[in-house]
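Contents: one structure, followed by commentary.
The values are calculated or read from the model by the stated rules, or taken from the named source; none is laboratory data. No experiment lies behind these values; they were computed from the predicted model shown. Positions of Cβ are generated from backbone atoms using ideal geometry, with glycine treated the same way; all protein chains shown enter the neighbour counts.
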Amino acid sequence: MPTGTTRSRFLTVKWTPAAVAPALGAPALGALALRALLCTFVPLAAPAWADGPGSFAPLVKRVQPAVVSIRVTQTVAVQDPFANMPPEFQQLFRQHFRARKEQKQGAGSGFIIDPSGVIVTNNHVIEHADQISVAMADGTELTARVIGADELTDVAVIKVDAPAPLPFVPWGDSRTLEVGDWVVAAGNPFGLGGSIVAGIVSARGRDIGAGPFDDFIQIDAPINPGNSGGPVFNTEGRVVGMDTAIASPTGASVGIGFAIPSEIISRVVGDLREKGRVERGWLGAGLQEVQDPDGRGLLGIGIASVERSSPAARGGLKPGDIVTAINGAAADSRRGFIKAIALTPPGGTVRLTLQRQGREMDLNVTVGRRPGGQG
């Protein structure tokens, strides 16, 4: 008899009757063949994740009406056409030509969070814009105005005046996301409004060097230019992030996109709607991570310098101090330390546990208001 192979969905069985027949005999050979046939018709059960979600269509139908495309117009000065001429010719020609300006256009995405027409997007989408136009999912176009913007987190709030209440989407809790969870992103890639993509959470807490509060969610859903400001939904249809950047050697999606967590966005949006700005706590100290010389990990956050008359100076911090805890929570990274201070309202107090010249002590420091433009 020839050598045989039986394949099932997850199992391949090979047998060689000529080799086993002399030792097992005909009955045993028949039993072996029967077991091989059973493998053909009774495949192993597929794991629960094998087929993925059935469809995102019900979710998309709920959320897509609240996703908008944003077009911005910006007036910029035209590059000097005489810059490369000899100085004597530059002066001659500039007497007859006035400086010219032209309009540049850009595109991005956003999502409605309030039926009155409040829209969230990226700051870099609307920054320096002279005009902002918002296209709804049904094709309606409305003019928008800026309510407030925060450069440090790249979050902006704009508003349109609509004749009737608009569809909106609710916030989700980005802190519950886990690596491997499904997410859906919506937006206006390359100006193709109303696009939906899906993927999974690839990583949490990414620092990509965009700012002092980097804490991005990395997703593998295809994010492209024009998706900036678009929402990222969990499988319940709640906003858990906002697309803001990609890592790519080509400028297009290679499966590495970054979203701002809703935990950060919702807090910034609340401040912008209430005050038009974000007020953050500030100490005025240079920070560095201090490693244990014996290689046992991070000792704490070292105070490298203290600005004169700063909250840190008034609170008693000194260069050389090593902060090991903030309000009882371990100081386990420079970024986490900055975030904890920034989230403390100006005028509030933080309890810093620190080591100074081998002694442990606590200091209560009153946090100041972060100066404009400080990172």
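Structural remarks
- Residue in the stretch 280-295 that is within 30 Å of V157 (Cβ to Cβ), surrounded by fewer than 13 Cβ atoms within 10 Å (Cβ to Cβ) and without any contact (Cβ under 8 Å) to a residue 12 or more places away in the chain present: no
- Output for the stretch 125-145, where each listed residue is at pLDDT below 95, among the small types (G, A, S) and surrounded by 12 or more Cβ atoms within 10 Å (Cβ to Cβ): A129, A137
- Sole residue being assigned to a helix (DSSP H, G or I) and not small (G, A, S), chosen from R308, R351, R314: R314
- Selection status of I264, within 26 Å of V323 (Cα to Cα), in contact with a Pro (Cβ under 9 Å, 6 or more places away or on another chain) and among the β-branched types (V, I, T): no
- Any pair with Cβ under 8 angstrom, 6 or more apart, that starts in the stretch 215-230 at a residue that is at positive phi and ends at one that is of a type in the set (A, V, I, L, M, F, W, C) and not in a strand (DSSP E or B): G226/F190; G226/L192; G229/V125
- The lone criterion from (1) assigned to a loop (DSSP other than H, G, I, E, B); (2) at pLDDT 95 or above left unmet by R273 is number (1).
- Residue count for the stretch 186-211, restricted to those that are in contact (Cβ under 8 Å) with a residue 12 or more places away in the chain and within 23 Å of L152 (Cβ to Cβ): 8
- The set of residues in the stretch 133-161 being among the hydroxyl-bearing types (S, T, Y) and either outside any strand (DSSP E or B) or touching a residue at least 40 places away in the same chain (Cβ under 8 Å) (or both) consists of S133, T140, T153.
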